[in-house]
Amino acid sequence: MRRALCASAVAAPLVLLTGCSLWPAVPVEDRVRHVLNPRPRVATSATRNLVLAVNPPLASPGFESSAIAYVQAPHVLDHYATHEWAETPARMIGQLLTRTLEDTGGFRAVVRKASGLPADLALDTQIVLLQQSFLTKPSVVELTLRVQLVGVARRRVLATRYIEIIEAAPSDDAPGGVVAANAAVASGLTQVAAFCIDAAADRLLPLTGRP
């Protein structure tokens, strides 16, 4: 009976009750894994005697996993079956943020929150959106980051910004989306680095009294 129900799944909504699936799970070994690994060029800055801690980025619901998200209809989020990220975007972007901020030379040190080292500033990041949209032709990758710089000593928010990027995909498929996502993340990293440098220069002194 179970096999009969599976065979007639197209015609019978009861497939949802039997545990059968029209889209069987793809074996792990058959999935293609992609990485976010851009190395953006950032403007260098005079080094300040400040330690910046990069907190692990958070991700909004729907973007926490290693699945590559896309939309074909408004407000309907889907994921590729045979393509996925090698790690969650939040984890990959967190590592890229640390490296990018180090490249600016604007801070005495850039550390990760998990290191437990004392810091003057803390950067909080949230991935609000990271998806390939087929609502336009060609498809585009949409990336939205919410970033916030905090003065640790007085627990004061120095600045908050939403960074929104739209990058055209070279092809309307998962590999094209990955290329566009890397370009979008590169642009986002550049903007986050500039945001941190500017916020530290403009607003930190009244809060800490440090040069």
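If the chain linking H75 and T47 were pulled fully straight, counting 0.36 nm for each residue of separation and taking away their Cα-Cα distance, it would gain 5.7 nm.
This ranking places H83, H34, H75 by how few other beta-carbon atoms lie within 10 Å of each, fewest first, which gives H75, H83, H34. How large is log10 of I(q)/I(0) for the stretch 32-208 at q = 0.09 Å⁻¹ when the intensity is taken from the Debye formula with one equal scatterer per alpha-carbon? Listed by q, the Debye log ratios stand at -0.32. Residues with beta-carbon under 12 Å from that of V111, excluding V111: net charge, scoring Lys, Arg +1 and Asp, Glu -1? Net of charged neighbours comes to +1.
Readers should treat all values here as calculations from the given coordinates under stated rules, not as data from a laboratory. What you are looking at is a predicted structure, and each value in this text was computed from that prediction instead of being measured. All Cβ positions, even for glycine, are placed from backbone atoms using ideal geometry, and neighbour counts span all protein chains on display.
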